[in-house]
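Input: a single structure, listed below in structure tokens.
The values are calculated or read from the model by the stated rules, or taken from the named source; none is laboratory data. Given the structure is predicted, the values throughout are model-derived calculations rather than measurements. A quick note on method: Cβ atoms are made from the backbone with ideal geometry, for glycine too, and the neighbour counts reach across all protein chains shown.
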Amino acid sequence: MAKILDYGKFKYEQERQERKNRSKRTTQEVKEIRLTYTTGAGDLDTKLKQARKFLEEGHRIKLRMKLVGREMAFKDRALIELARVRDLLEMDYDTPPAIQGRQFSVLLKERK
């Protein structure tokens, strides 16, 4: 049994459905929050608010801490600071802290 239909109308309906599906699809970007070893309390509060805003929008968070000069001697303190920021955001590590030159970076995920 065959069905006779208008090909133009059929093609239009397919394209319309495709556009509708495409508009519902959202891409999840990775937003980066840059910190330094000496980031002050006020600046940290601002960065945490921005990170929470990114999370509400459905983005992922990446923390990057740059160590300048002699701060490289205090890598353990930098890791502690990253863990503190992670705890303030109430998140877990998606990837463990990795050092890239003079920078530590870590990707965060939602806690379950």
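Taking the conditions exactly as written (out of contact with any helix residue (DSSP H, G or I) (no Cβ under 6 Å at 6 or more places or on another chain) and part of a loop (DSSP other than H, G, I, E, B)), does T46 satisfy them or not? Taking the combined requirement at face value, the residue does not satisfy it. When only residues in the stretch 10-37 that are at pLDDT below 85 and loosely packed, with under 10 Cβ neighbours inside 10 Å count, which is nearest to R52 (Cα to Cα)? Filtering first and then ranking leaves Q28. Report yes if some residue within the stretch 4-24 is part of a loop (DSSP other than H, G, I, E, B), in contact with a Lys or Arg (Cβ under 6 Å, 6 or more places away or on another chain) and on the phi < 0 side of the Ramachandran plot; otherwise report no. Checked against the condition, which is being part of a loop (DSSP other than H, G, I, E, B), in contact with a Lys or Arg (Cβ under 6 Å, 6 or more places away or on another chain) and on the phi < 0 side of the Ramachandran plot, the stretch 4-24 yields no hits at all. For R52, the stated conditions hold: it is surrounded by 10 or more Cβ atoms within 10 Å (Cβ to Cβ), under 17 Å from the mean Cα position of the chain (by Cα) and of a type outside the set (A, V, I, L, M).
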